[in-house]
There are 2 protein chains.
Amino acid sequence: MNKQQRYNPDWQPKDAGEEFAVKVVKGEVYKSSNAQRYIPKNEESVDEIVSGIRAKNRNILAKAITTIESSSEKHRAKARAILESVLNNPGESIRIGITGMPGAGKSTLIESLGLKLIQNGHRIAVLTIDPSSSISKGSILGDKTRMEKLSREENAFIRPSPSSGTLGGVARKTRETITLCEAAGFDVIIIETVGVGQSEITVRSMVDFFLLVLIPGAGDELQGIKKGVVELADAIAINKADGENEKKANIAKADYSNALHYLMPATKGWETKVSTTSAIYETGIEELWNVILEFERLTKDTGVFYHRRKQQAVDWMNRMVEDVLKESFFANKSVKDLLPILKNQIQEGKILPTVAVEKLMEVYRK
Amino acid sequence: MNKQQRYNPDWQPKDAGEEFAVKVVKGEVYKSSNAQRYIPKNEESVDEIVSGIRAKNRNILAKAITTIESSSEKHRAKARAILESVLNNPGESIRIGITGMPGAGKSTLIESLGLKLIQNGHRIAVLTIDPSSSISKGSILGDKTRMEKLSREENAFIRPSPSSGTLGGVARKTRETITLCEAAGFDVIIIETVGVGQSEITVRSMVDFFLLVLIPGAGDELQGIKKGVVELADAIAINKADGENEKKANIAKADYSNALHYLMPATKGWETKVSTTSAIYETGIEELWNVILEFERLTKDTGVFYHRRKQQAVDWMNRMVEDVLKESFFANKSVKDLLPILKNQIQEGKILPTVAVEKLMEVYRK
């Protein structure tokens, strides 16, 4: 029991910043400097959290995000208060969405880009949305250890977004996390996702710029990419364009540039760019950032940037209204009982969907 | 006042099939054989309508559709009864969606195809969904006079679908109209629309086969086509491939075939086909029908056909639930009052969408 003290209920953190570690041995709690679990200290007040965020304190930021992600009633009220406070003086940033299949090298690319930007005085927040973890219970994106160098930087903040619950739920928490990161002075916010479910559309709906990361394939590179994802992108990076792959990458670049002629651009007035990158050799990273800067300048000049943000916020509200209405409908006991029966009858062609809906509404409104 | 009699309230149709015409002169109603308006005769009962439909009576079918389209409470109950009856013995058909810009020659193509199919013993129903008419109050698709020859055929039935009201409303009525047409022995149902709003997605969600009609352009044919529409199509017809256009049409065909390699097919196991047609010279029409037959055979063999229909019916129910919930939410007086204020605050960045939604829900649930 060296370095350890038996638990004493009078323990209190000395100041708001202190945390202490404990170890549980046979049901008894001991204070410990090596223990893996922490006793949560008295929670900071809303004011303490807001000033911590303003002071760019990453620990406080992390706690604020945890509060927002919590589903407890007490935390929801607190989360709302925090968000209302930070909105009085929101931060400025460019929000960048990045998607691509597992193995496309997104994390390495983000790390290269992030380290470069930090050198130039930026502060980078990386939020990952991993819809696979709620489906398969295993995570495709893994955790922050994938961006080891970046995670050691003072001016970087890496955080996975919880993917449990409804799509609206994911979006809500990630969007609010963006707001908190901006208030904490992060001026480049990267939202990373993989091509599963509706995640690209969700991410596109919360970013200014959307990047699709691909690797050079065998001539039909768009195969396997979900319908419409290319049309969401403001830029495509053909990654791993190094060594033997370099030639293939250039062919892929030409193919995509050609295919893009047939598609509407994702952003009004902007022509979707295709570039090659090697995250490992760190080539093409500077060029990619220049594309993003050019995009920002152009869309701010034309007003498309600001218009999209306003539109995204209103759309978000509308989608959340839908989600909340649907959630409460499908959680209704009578609806739950009747639904499978009607679904079956519909599939058998025994009842028209219109009539089924009328019946569901009858029981719901009772 | 030759051939005319002053209105007499005792007038009754001699039998269920009789209608008589009237003319209004200075506010007085006269019986007339040339008049343009009809006094509605006593309405048929549900049984009369259902047996009329089964007997392939187009007048009765038209009346049944009018009943379904009516928003009066009395007609809704009747519509439901009619639909429930016909579902006991539904018809079989292939449902074909056709979209394309105004001027692409959809109507002429449908007429050519329809006349050909009637010769081969088919019965064709053409339903048009024209979302433009509710937006601009002018119709892009025009009326049935566009398909003059086809409309004179005993085995053809042409009907515009009303586009007023919500998207769900359009879809609901058109879908139920399909059911009625099938019960009336129409075995090829064509749903025609133009590329406005969400109409292609709506139509795709109610058909087995979806055809995009294009005209050869200047090399970048997909420009102007809405995002993702090409990816909804099971076939693309490059129409007006005649005279000077023939060469251009063949180039367009090659371009599209190439572009399609980069897209996921709209139907599992089916490779989207591109063909050239000339509705005027009636070339390529037979080939197009063969593509549809091949599609039907293949998807019925693999079960994709039946699976899609079941899925469409369930999706339809789910979408209608959403529509009904949203309609009742946004029709709420308190929500209506609060919404514009909150929308404005959201756009100004003064309030988060999440908080706005909480406020809206509070007033709605009161």
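What follows is calculated from the coordinates using simple rules that are stated; it is not laboratory data. As the structure is a prediction and not an experimental result, all values here were calculated from the model. Quick reminder, even Gly has a Cβ in these numbers, built from the backbone with ideal geometry, and neighbours come from all protein chains shown.
Out of residues 5 or more away from residue A:210 or on other chains, whose amide H comes under 5 Å of its own, with H placed 1.01 Å from N in the peptide plane?
A:97, A:234, A:235
Give me the net charge of residue A:60's neighbourhood, meaning all other residues with Cβ under 10 Å from the Cβ of residue A:60; Lys, Arg count +1, Asp, Glu -1.
+2
What list of ³J(HN,Hα) couplings, whole Hz, do you get for the stretch A:100-111 from phi and the Karplus terms 6.51, -1.76, 1.60, once you set θ to phi - 60° and write x for glycine and proline?
Karplus-based 3J(HN,Hα) across the stretch A:100-111 equals x, 5, x, x, 6, x, 4, 5, 4, 5, 5, 4 Hz.
Just tell me how shielded B:343-351 is by partners: mean number of partner chain Cβ atoms within 10 Å of each residue's Cβ, no decimals.
4
To the nearest 0.05, how large is the calculated FRET efficiency for residue A:286 and residue B:315 if R₀ is 60 Å and r is the Cβ-Cβ distance?
0.85
Subtracting the Cα-Cα distance from 0.36 nm times the residue separation, let me have the gained length for residue A:294 to residue A:89 in nm, one decimal.
Full extension of this stretch gives 71.1 nm more.
Tell me whether the stretch B:55-102 comes out rounded, prolate or oblate; compute the Cα gyration tensor, take square roots of the eigenvalues as a ≥ b ≥ c, and use a/c under 1.5 as the rounded threshold.
Oblate, since a/c reaches 1.5 and b/c is not below a/b.
Among the listed pairs A:56/B:350; B:333/B:359; B:106/B:253; B:173/B:300; A:253/B:273; A:336/B:359, which have their C-alpha atoms separated by more than 19 angstrom in this model?
A:56/B:350; B:173/B:300; A:253/B:273; A:336/B:359
By a straight-distance test (C-alpha under 16 Å), which aspartates and glutamates pair with residue A:78 as possible cross-link partners, with residues fewer than eight away in the same chain excluded?
Result set, ordered by chain and number: A:43, A:44, A:47, A:48, A:69, A:176, B:358.
What is the gain in length, in nm to one decimal, between residue A:54 and residue A:363 on full extension, counting 0.36 nm per residue of separation less the C-alpha to C-alpha distance?
106.3 nm
Over all residues in A:319-330, what is the mean tally of Cβ atoms on other chains that come within 10 Å of each residue's Cβ?
For this peptide, the per-residue mean of nearby foreign Cβ atoms is 5.
Each label point is 7 Å from the Cα along the Cα-to-Cβ direction; what then is the distance between the points at residue B:341 and residue A:250, in nm?
Going from the residue B:341 label point to the residue A:250 one covers 6.3 nm.
Name the aspartates and glutamates eligible as straight-distance cross-link partners of residue A:116: C-alpha to C-alpha under 13 Å, and not fewer than 8 places from it in the same chain.
Answer for residue A:116, where 13 Å is the Cα cut-off: A:153, A:282, A:286, A:287, listed by chain and number.
PRE reach from residue B:76 (point 7 Å along Cα→Cβ): which of the stretch A:345-364 fall under 16 Å by backbone N?
Once the point is set 7 Å along Cα→Cβ of residue B:76, A:353-364 turn out to lie under 16 Å by backbone N, inside the stretch A:345-364.
Per residue of A:259-266, how many C-beta atoms from partner chains lie within 10 Å of its own C-beta, taken as a mean?
6
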